[in-house]
Structures are given as structure tokens and as C-alpha cells.
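Below is one structure, written out as C-alpha cells; comments come after it.
Every number in this text was worked out from the coordinates using simple rules, so none of it is lab data. What you see is a predicted model, and the numbers here were worked out from it, not measured in a lab. We place every Cβ from the backbone using ideal geometry, glycine too, and count neighbours over all the protein chains shown.
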Amino acid sequence: MNFSEAFKLSSLLCRFSPDGKYLASCVQYRLVVRDVSTLQIRQLYTCLDQIQHIEWSADSLFILCAMYRRGLVQVWSLEQPEWHCKIDEGSAGLVASCWSPDGRHILNTTEFHLRITVWSLCTKSVSYIKYPKACQQGVTFTRDGRYMALAERRDCKDYVSIFVCSDWQLLRHFDTDTQDLAGIEWAPNGCVLAVWDTCLEYKILLYSLDGRLLSAYCAYEWSLGIKSVAWSPSSQFLAVGSYDGKVRLLNHVTWKMITEFGHPAAINNPKIVVYKEAEKGPPLGLGRLSFPPPLPLAAPLSASESKYEIASVPVSLQTLKPATDRANPRMGVGMLAFSADSYFLATRNDNVPNTVWVWDIQKLRLFVVLEQLAPVRSFLWDPQQPRLAICTGGSKVTFRCFLCAGIQVGTPWPSSVRITSVFVSWTPKRGSTQLWNNGTAMRRPWWNPQQGLRVPGLGRTRFPWELSGCHVPAQ
Amino acid sequence: MGDWMTITDPGLSAESKNISQYTSETKMSPSSLYSQQVLCSSIPLSKNVHSFFSAFCTEENIEQSISYLDQELTTFGFPSLYEESKSKDTKRELNIVAVLNCMNELLVLQRKNLLAQENVETKNLKLGSDMDHLQNCYAKLKEQLETSRREMIGLQERDRQLQCKNRNLHQLLKNEKDEVQKLQNIIASRATQYNHDMKRKEREYNKLKERLHQLVMNKKDKKITMDVLNYVGRADGKRGSWRTGKTEARNEDEMYKILLNDYEYRQKQILMENAELKKVLQQMKKEMISLLSPQKKKPRERADDSTGTVISDVEEDAGELTRESMWDLSCETVREQLTNSIRKQWRILKSHVEKLDNQVSKVHLEGFNDEDVISRQDHEQETEKLELEIQQCKEMIKTQQQLLQQLATACDDDTTSLLRDCYLLEEKERLKEEWSLFKEQKKNFEKERRNFTEAAIRLGLERKAFEEERASWLKQQFLNMTTFDHQNSENVKLFSAFSGSSDRDNLIVHSRTQQKKPHSVSNGSPVCISKLTKSLPASPSTSDFCPTRSCVSEHSSINVLNITPEETTPNQVGRECTNQKWSIASRPGSQEGCYSGCSLTYTNSHVEKDDLP
């Protein structure tokens, strides 16, 4: 375990640049950009108000700082510190701001989702897109950054518009056969758009890039429907998690269901290995863990470690009884993630919150079940290898890594962090992760190509190099 | 007990009635009065018996009592107490013996009766207890019946209640169903209502939005601005282009290109997959054909229609297989053909396998009574044997090849010729040696022959001399014995006869020698032959061969000696000839033995030489 010194931080705004060289963090109205290798401050920018959202452009040249309260967006250039850009949305207000994939356009969503304004940094041209729909996932870009799909709502009907990102020209505009569209997602190959309906109705529609309806799938009726959707990186499978606690895999040829994965609370199959997290005694004198953390703060906090134990097979998992009379009940498959090589699928059933299921996609069967001590907050696959980072939370957050390829499953990096909520992300290149606590602003995992695990405590950030675990003190 | 009593009583009474009638009849004539008196008195008498036993018979009524008893006893079948009177008038006298007998019998009867009574009483008791038990049982069963009846009633009651409940529940279910239906209807109506409301609200909201939009956006809001120091270049380095129809068309083109690329990629993948699958199919087909073709004969023999036709298909397909290019064509007909043929073959295979399964099961069922089916063990043994043989043959071939190679490689043409030459030389030398030996032997032979002829001549001369001597001696004897001249001629005859007899003598001698000779031959030759036959196949050792040879030669020399005297006899010629031959073959002397040994070794060496090339 190795930690950097702690940095001040506000609103949990801390992002690695996509190329992994820089780290941007916010302290009130100041934006600090550091060099990752030396941790020296590279640039310091001062914004007009307290920053609420920051985002790196895809080419790591610009940083966008959004101040929603003032309806302001400020853009800073890393190469030219004196260059500045300020976008004022005026009385229309601002609720969201993001970069286009080319890093030269900024998409601002006005209050009440009146319109989306596309500001260009290259030309004076400004484009407006009317009627954007306020939904779970209304905007999605293809992976090559060429097209943007936008969910719209006009005259009580859902529409999808496909724009060409290079000149923001409308390519296709078609209505979707949905009651209340909840989200859209491009397939990684950029040729198929998945559109799913609100949770009141199980319906998923697949549209080609040219707006043709390829297929529609409905597993059942009269019950709460889709909760989460994920494409496999190979665009071969579409995993649909629903409120009935099942994941259904659709294939890319016929768009029919290949198989469905149930998430029973009791596991009887002796072929499935169930790993149970267990508390470990004081870690003193234990090989790698005994390596003294350089920070004196870390020592007293590494009080409890944990490890995985293989449970004997008829296992009953801890379940939560969902309150069905309330909106958004805690049930069904709420989290889905394919590994980068598409061989594994990790899922979490929300009424079995402590458990992560890992499915073998090659054999289309359950592979491993990981039961944690605390509820799973999030998990992410390593983009390089079949390795899963799991974040569990409660009063204490543990972060662990799980290898699917080998038998090397266990507790490579246990840690306990006293944070209320954490998000994890894997770096795309060197296999390190980031953790955020209380990530209100950050919803999408951010790829950090830089070594080390960043655990922002309340206002402080630490970098454990050659990470084995990390601890953040409570304030 | 009471029943029994009631049953027995009437009989007894009837009997007694009969008896009494009979007695009254019999006693009517002599003294009816008396009898009546007795009868009358009997009643008080019986009373008397009951009151005091001694009062039955008193001093005064002895007669009466005796007569009464007699009467009674006779009625019961006892002999009369009185002696039989000769006349009616004379008073009958009491027969004491009869009385005593009667008494004894009565006593015996009494005892019997007592015993019977006892038995009956015990039986009665037993039956009574049985009766009690049965009554108890009956009571219990009755109770049980009662309880079960009660239970049944209870159960029936419960059943009724449950049925009632069930009916109620059914009713409730129906109600619930109705309720559900109603609720569903309500939900549906609510949903439509909600949707309707939603739509209305949304419309209103949209109106508001529109209004807001107009208000906010169309006011030329000075605030909505972008303040940039200087515009930056595009990420791709290109300049932005104006939106025209052209760009639109270009965008469309690009989109379609992307889609096309995707489809092409997918098609390629599918093609690859197809190719692989085709390969697999092809292989499968080939394997199937190879699997099925050896079984062609058998099914044909069995004259199975389906297999016959199918096999012709297989052959056709085998013909098709050669046209490999067909596989690359992915037109529908070929595909159909392929799938059809595969299907057919699969069917054959399946049927065949099923048949085999059936056979196996049959064999299992029937045991080993299938005669024409060779058992597996035999098969295996046979195959093992054959494999071994093949292995041996292979090894042989290998060694031969190796030898050939060695010869081919080690010996060039010159060396081979040289080698051949040297072999020839050796042979020549050996031949020369043999030749010289042969010559020597010939010389010896000739010498012997000469000796032999000389000896024969000598013998002939001696014989002549001897005969002359004998003739002279006979003449002398004759002359001595007979003085008559005329007898001379007879003597001549006699002589001739004698000469014949001499011949006979000779014959006898000859037979003797003959008897001797075969013996000698048998002594020598079989040993030799056996030895020869024994020693020939094995490596011949001259050392053990020579002595036998010499022994044989000794024998033969003896033979020769034996023979020589009878040489002149004509019978002897053939025998002599054979003997001669034999003697030639087995010439005495160490040289001969050596020769034979040599020749043998020579042949042996020759054999070895044969082996070499």
C-alpha cells in the first residue's frame, strides 16, 4: 500500500485526464491541474463561482467547469493557460453540460429540458436541439464519436433523433413505439441503437442506424420491466436486467433471447463456487499487508481486514425484502457489466445487495458468486483483463478485486474506507482504479489510465501507489 | 345347563312311562292287584327313601320290597332277582347271585353316572366361562360400534362443515376473481385515465415550455453568449463546412457506408462460420461414408430394402464428393443436396447403430447361441495373431532391407566381383582337393578290384583243382566199390546226381551264408543310416561319424570275406551286386571315412555359402 499526501477537494470533483497524464481537482472555485507522475501543480485556474461539475475533453486538451447555479460554463486549455472561454446560458438556466466526443463542442442542457445548445469552440456557430427528453439516459454517442442519438418528446410521443456530430446535422428522426422512453444506448459497433421503455412496461426496441426497427423484445407483461441494459463490448449480446430478478441475453443476429439468468437467493449447484467475505483478525505480521503504510494516518485505520472464504455449496444469500408499495422498489437486476473481452458478465440483484454474480458468457451459466459483508455499491471490470473491482459500502467501504481468468480469486486489495458511497473506475491501461465517495456529480465511471487508487476523503485525496488497499480517515 | 336338563328330562320320563306301561301289562295277568298295590306303595316308599333310607325295607315287607325291586330291575333290563320257577304255583325264590350282580352293576352304573355328571359339570363350567367371555366381547364390540358410529357422525359433520367452507371459499374465490377483474378493469381505466391526464398535462406542459421558450429564447437574450479568446482548430484539423444539401447527401452516404461495412463484416463472419461448418459437414460426410461403406456387403446380404437404396445413395454421394468445387458453390440446390445427403446418411447411421444395438441386446438376451457370429474373443485373438505375424514379417522385411542396403552400400561393383571371385577360388581349391581325394579313392578302388579279381581267379583255379581232385577221388572210390563196367554209366549218372547234390549242398551253404549275411548287414547298415540321418540335419561332427564308419567298414570287410567263397554261384550275383554297391559306398579304411566326413563338411559349407548371398 502506498499513499500520496492528501489533497483538498470540494464536491468530490476530481478527474484524471483521459490520457492519464493529469489530474484535475476542484477546491471551491479553483481548478487545480496536477501532473500525475510528480503530483506537482501544473496549472491553476480560477472560475467565477463554485464549480459543480468538471469534465475533460476527449483529447485531454480542455477542461470544462460547469457552474449550474449561475448558468455558466468555463473552459480552460491546458496548452494555453491564458486561453479562456465562458459560455453563459442566461435566463434559460443550465442543468447539464458535457463535451461532444470531438472535444470541440459543448452540449448544454437548459432548465426544464427546453433545449440543448451546442456551442462550438471552432466556429461561432451555435446549434439548438429542441425537445430533449428528460430521462434516465437521453443522450448517447457512438463509440467512434461520429453520431449522437437523442431521445425526444413531442406531442406526447417519443422520438429519437440521430445527429452527425461533425456538423450537428439531423440524420434521422423517427418515433419509437414506447409509452415513456427511459433510455437509449448505442451498440459498441455504432450500428444498432437499443431503446427501452419505462419500468412500467417491459419493452426493448432495437433500431438500425438508418432508423429501421430491427426488432422488439418483450419478456413479460403486467409487471415492472427493465431496470438495466448493457451491451457486450463485442456488440454480440445485449443483456437486459429486469425487476423480476433475471437477466436476459439477446443475440445480435435474430435479436431473440438466448438465455436468461435467474438470481436465486439459494445456490444449490455444486459446480458453482461461492466466495464469502469474512472478517479477518488484525493484519499484523501478515506478509504483504504488514508492509508499513508510509502515512501514519493509515496505520490505526487498517484495523479490520477481510478475506474470501469458499462457502460449502447449499448457500442461502442475504436477501432484502423490498417494499413493494413504494416507488422504485429495491428489487431486480440493477447493475450489469460485461468484461472487456465479453467473456464474463457481472450482475447485482438489488434485493440481494451483498452479492455479485459473475456469469460465464461462453458457457452461458453461472460462474462465481461473491457475497460481501456490506452491500455492493458498484463494480467495474478492468478494461485490460477479466478482473472485477467491487466496491461495497456501509459505514465502511471495502474495495476488492476479483480475477476471473485464473483461480486467483481472493483478497488482493482489501481496504476499509469510512465513506458513505463510492464509485469505482478502472484505468484503461495500467489496471488501477479510482474511488469516489458520495459521487453526486459523477455518474459515469471515468477511465483513469494512471497508476494508483484515488480515494478522496472528505476534502482530501490520497494516492496509494502499487495499491493493495486504502483507508481514508473520518473527519 | 338348564337347556341340557330340559332336553334330557322328557326322554327319561317317556321311557319310564313306557316301562311302567310295559310292566303293568306284564304284571296284569298274574296279580294286578298286587302290582297296583306295589305301585301305590311305591310312592310312599319313595317318599320314605327320601326321608329315611332304612325305612324302605322292614321286617314285614321284605317280600314286597324284593318283588318291587325285581319288578323295577326287570323293567330296567336287569335279570330277575328270583330264580326261575318250574311251575307257576311254586313260590319263586330269591337268587342271591343275581341280586349281588345287580347290585354290583348298579354300583358300577352309579359310579359311571357320577363320573359323567362330573364331566358334564366341568363342561358346563367351561361353557359358562366361555359364554361370559363372549358376552364381554360382545359388550365391548358393541361399545366400539357405538363409538365408531359416533365418530362417523362427527366426521360426517366435519365433512359437511368443510364442504360448507369449501363452498364458501369457492364463493370467496369467485368474488375475489370478480374483484380482481374489477380491479383490473379499474386499473385499466385508471391507466387510460392516467395516460389521458398525462397527455393533457404534457400538452399543457409543452405549451408552457413553448411559451417559456418564446419568452426566454426569442427575446434576443443578450446574456446567452459565448465569450471566447480565440477559436481553436478542429480536432481533425479540417475546416468546418457549410451546411448544404451536399453535406446532407454526404452524411447519408457515410451512414450507409458504415452500415454496409458492418453488414459486410458480419457477412464475412457468417461466411467464415459457414465455411467452417461446411468443412465439418464434409468431414462428417466423409467419415460417415467411410464408416458405412465397409458394411455395404452385410446389409445387402440381409436384403434390407432401405439400406440397399441408401447405399446406392452413398455411392452417388461418394461420386459427388470428388467434385470438390460443388462445395464452394453455395447455391440452394447444392445446399439442399448436401443437407439431404447428410440427413440420409445420418438416418442410415442411426438405423445401423440401432440395429447394432438391437443385435447386441439380442446377443445379450440369447446368450451365445449365435453360431455364425464369431465371438469377440476369437476375433481379438485372431487379430492379435495376425498383428504378431505382421510384426514379424515387418521385422523380417526390415532386416532384409538392412542387409540389402548393407550389401548395396558396403560393396561396390568391383568388390562384389572380387568377392565373387574369391568365393570361386575357394570353391575351386576345395574342388581340387576333393578331386584329388576322389582320384586316390579311385586308385584304391581299382587296386582292390584287382586284388579281388586276382583272388577270384585264384579261387576259380583252386576250385578247378579241388573238383578235379574230387573227381579223381570219386573215380577211385567208384572203382574201388564197383567192379562192374556197366555200372559205370550209372555211376556217371549218379555222379551227375551227386553233382546235383553238391549243388544242393552249395545251396545250403549259400543259404547259411545268406542267413549270416543279412545279419551282418543289419548289424552294420542300420546303425550307419540312423547315424547318418541323425547327424545330417544337425551339424555333422566327423569325430563321431568316423568311428561308426570304420565299424561299418569292418563289418563290410567281413561280409566281403564271407561272400567271396560263393561268388561263382549264379544266385549270388544280384546279392553280390548289392553287396558290391554297399562296399563301394562304405569303403573300408580311414581314407574313406575321411572322405565322407569331408564331403559332408563340404556340403555343409556349401549350405552355409548358400545362406550368405
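Sorted ascending by nearby beta carbons within 10 Å, beginning with the fewest, A:Arg15, A:Arg154 become A:Arg154, A:Arg15. Ranking A:Leu373, A:Val356, A:Cys391 by Cα position along the charge dipole of segment A:329-398, where only Lys, Arg, Asp and Glu carry charges on their C-beta atoms, puts A:Leu373 farthest toward the positive end. Starting from the 7 Å offset along Cα-to-Cβ, what nm value, one decimal, do you get for the label separation of B:Val180 and B:Gln401? Distance between the two pseudo-spin positions: 8.3 nm. In this simple spin-label approximation, B:Gln337 and B:Tyr231 carry label points 7 Å from Cα along the Cα→Cβ vector, and these lie 6.6 nm apart. For the cross-link pairs A:Lys321/B:Lys182; B:Lys279/B:Lys355; A:Lys256/B:Lys199; A:Lys256/B:Lys182; A:Lys133/A:Lys203, the ones whose C-alpha atoms lie over 25 Å apart are A:Lys321/B:Lys182; B:Lys279/B:Lys355; A:Lys256/B:Lys199; A:Lys256/B:Lys182. Using a simple spin-label model with pseudo-atoms 7 Å out from Cα toward Cβ, A:Phe174 and B:Tyr205 lie 2.6 nm apart. Taking a ≥ b ≥ c as the square roots of the eigenvalues of the Cα gyration tensor, an a/c ratio of 1.5 or more together with a/b no larger than b/c marks segment A:1-84 as oblate. For segment A:82-190, the alpha carbon convex hull comes to 113 Å³ per residue, rounded to a whole number. Legend: ranking of residues B:Tyr231, A:Tyr45, A:Tyr343 from fewest to most surrounding C-beta atoms inside 10 Å; resulting order B:Tyr231, A:Tyr343, A:Tyr45.
Using a Förster radius of 56 Å, what is the FRET efficiency between B:Arg158 and B:Asn195 based on their Cβ-Cβ separation? Nearest 0.05, please. Before the final figure, lay out the partial values.
Values: r = 52 Å, r/R0 = 0.93.
Once the sixth-power term is evaluated, E becomes 0.60.
Listing A:Cys135, A:Cys391 from fewest to most neighbouring C-beta atoms within 10 Å gives A:Cys135, A:Cys391. Give the residue from B:Asn95, B:Gln214, B:Thr122 lying farthest towards the positive end of the charge dipole for segment B:72-220; charges sit on Cβ (+1 for Lys and Arg, -1 for Asp and Glu) and the dipole is referred to the Cα centre. Selected residue: B:Gln214.
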